[in-house]
1. Can you find, within region 58-111, the residue that is modelled with the highest pLDDT among those that are open to solvent by 70 Å² or more (accessible area, probe 1.4 Å) and of a type in the set (D, E, K, R)?
2. Among the residues of region 78-96, is any of a type outside the set (Ser, Thr, Tyr), outside any helix (DSSP H, G or I) and within 12 Å of ASN126 (Cβ to Cβ)?
3. Please tell me if ALA121 is open to solvent by less than 30 Å² (accessible area, probe 1.4 Å), in contact with a Phe, Trp or Tyr (Cβ under 6 Å, 6 or more places away or on another chain) and more than 12 Å from GLY16 (Cβ to Cβ).
4. Restricting attention to region 1-35, and to residues there that are at pLDDT below 80 and outside any helix (DSSP H, G or I), which single residue is surrounded by the fewest Cβ atoms within 10 Å (Cβ to Cβ)?
5. Could we say that LEU39 is modelled with pLDDT under 80 and among the hydrophobic types (A, V, I, L, M, F, W, C) here?
6. Could you please let me know if THR55 is surrounded by 15 or more Cβ atoms within 10 Å (Cβ to Cβ), out of contact with any Ser or Thr (no Cβ under 6 Å at 6 or more places or on another chain) and polar (S, T, N, Q)?
7. Is at least one residue of region 69-83 in contact with a helix residue (DSSP H, G or I) (Cβ under 6 Å, 6 or more places away or on another chain) and within 19 Å of PHE26 (Cα to Cα)?
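The values are calculated or read from the model by the stated rules, or taken from the named source; none is laboratory data. Predicted, not measured: the structure shown is a model, and the values here were computed from it. Ideal geometry is used to build each Cβ from the backbone, glycine not excepted, and the neighbour counts take in all protein chains shown. To get the accessible areas, we keep the full protein, side chains included, count just its heavy atoms, and leave off ligands, DNA and RNA. Shrake-Rupley method; radii C 1.70, N 1.55, O 1.52, S 1.80 Å.
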Amino acid sequence: MLTAKQGKGFFALVVGIFLTTIYMQFIDWGAATPVPDILQPYPEFPIHYFSSLVTGFVTALISFFTIKLACNRYKLRESKHLMLLLLPTLGYLAYTFMVAQMSFTAILYALIPAAGASIIAFNVSNTEA
């Protein structure tokens, strides 16, 4: 049977795995997002970056609220929990770098804002307690 500390660590790892898998879906959704008509007449705006901006914004937003909710609900306060939240993301990033370098930049557009939002949400949740 798991102790309370082990249960929190396991829960943090499960949330991290959930976020990592949902990031891949966000990359697909961001790539499928059409460019608004307002931005199409401006050639100086790189249209091919629009999907990356959408992906980064959505992953950061979802990560922030998911981590904040998990930290407040399950009282994840130790830095070990933050490491367990980010470990699946960093592991997948390392795997992608070694195996599929072509999709590495697309994944970075999702994971860097999400990791930053996760750290901010974790720190905000800990300062509120």
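1. Within region 58-111, the first condition is being open to solvent by 70 Å² or more (accessible area, probe 1.4 Å), and the residues that meet it are 61, 65, 69, 73-75, 77, 79-80, 83, 87, 90, 92, 95, 97-99, 101-102, 105, 109.
Filter once more, so that each one left must be of a type in the set (D, E, K, R): 73, 75, 77, 80.
On the way: ARG73: 78, LYS75: 75, ARG77: 70, LYS80: 73.
Among them, the one singled out is ARG73.
2. yes
3. For ALA121, the condition - open to solvent by less than 30 Å² (accessible area, probe 1.4 Å), in contact with a Phe, Trp or Tyr (Cβ under 6 Å, 6 or more places away or on another chain) and more than 12 Å from GLY16 (Cβ to Cβ) - is met.
4. Out of the qualifying residues, it is MET1.
5. yes
6. Values: surrounded by 15 or more Cβ atoms within 10 Å (Cβ to Cβ): yes; out of contact with any Ser or Thr (no Cβ under 6 Å at 6 or more places or on another chain): yes; polar (S, T, N, Q): yes.
Yes: the conditions hold for THR55.
7. Taking every residue of region 69-83 in turn, none turns out to be in contact with a helix residue (DSSP H, G or I) (Cβ under 6 Å, 6 or more places away or on another chain) and within 19 Å of PHE26 (Cα to Cα).
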